[in-house]
Amino acid sequence: MRRIASACLVGLLVAACGMAPNGSPEPIPSGSPLTYDGSPPDGTPAPAVTIKDTAGDLTDTSGKKVTKNALIDITALTASADRGTLKLKLALAGDVPKSLSSKKQALTYRFVVETNRSGAYDFWVTLSNTAAGKWTIKLDDYRPGGQSYTDSDFHGTLAAAGKAIVATIPLWVLGSPTTVRIAALARRDDQATKKLVAADHVPKRSADSPGDDWLTIGR
């Protein structure tokens, strides 16, 4: 059983659905469950950094522009770190309902996280709705030996709040990295036809391939 290192995040500086972000089949984490140490001492705070996204730039599965989906239209991605916690916010053009059945609209909001410039996404932090109309949380750890952690097994918070999706993640859950790069996506799928209705992601270049255009925290 592998253990995540518990060294604190130091020297922080700010630079700045069943489908994977690029539409390929979703990979499945495998390996033994990780054992988390207790929270380490607080690291150096990192002020909030924001990447803005153009409103009304949603597309469907064929890449055509679509409208009337403000609740998945991303306008900004913001991140900061303080007291050993990574804070994330995805701003949207429309309000996210407190309750909505996936039979009507299957919604997915996801933060894609790369740690220590690994060159690939290491974590997905996903909020999605269920057929019962409730919201479910999932963290997928794609590092060697990683597992998926759902709802109460997720060490952090993730929720819809008006026109935003907000999350807090203890940095030790992410292996206490010295650098974190982040992208995000929002999408709506039709469960009956199994087709993508509309999607948006930030940055525009890619939400699954880390690069200098991703929001960056750390050195």
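Just so it is clear, none of the values below were taken in a lab; they were calculated from the coordinates. Being a predicted model, the structure only gives us computed values, none of them experimental. Ideal geometry is used to build each Cβ from the backbone, glycine not excepted, and the neighbour counts take in all protein chains shown.
A few comments on the model shown:
- Summed side-chain charge close to Pro210 - residues other than Pro210 whose Cβ falls under 13 Å, Lys, Arg +1, Asp, Glu -1: -2
- Order of Ser80, Ser209, Ser152 - criterion: other Cβ atoms within 10 Å of each residue's Cβ, fewest first: Ser152, Ser209, Ser80
- Candidates Gln147, Gly211, Gly162 compared by Cα position along the dipole of segment 141-219: farthest toward the positive end lies Gly211, with charges placed on Cβ.
- Reported to the nearest whole Å, the Cα centre-to-centre distance from segment 127-176 to segment 72-122 is 10.
- Packing-based ranking, highest mean first, of 175-188, 65-78 given that Cβ atoms within 10 Å are counted: 175-188, 65-78
- Karplus-derived 3J(HN,Hα), 6.51/-1.76/1.60, for each residue of segment 186-191, Hz, glycine and proline x: 9, 8, 10, 10, 8, 5
- Under the Karplus curve 6.51 cos²θ - 1.76 cosθ + 1.60, θ = phi - 60°, whole-Hz ³J(HN,Hα) for segment 137-151, x wherever Gly or Pro sits: 10, 8, 10, 9, 9, 9, 6, x, x, x, 9, 9, 10, 10, 6
- Under 17 Å of direct C-alpha separation, and excluding same-chain neighbours fewer than eight residues apart, Lys64 reaches these lysines: Lys195, Lys204.
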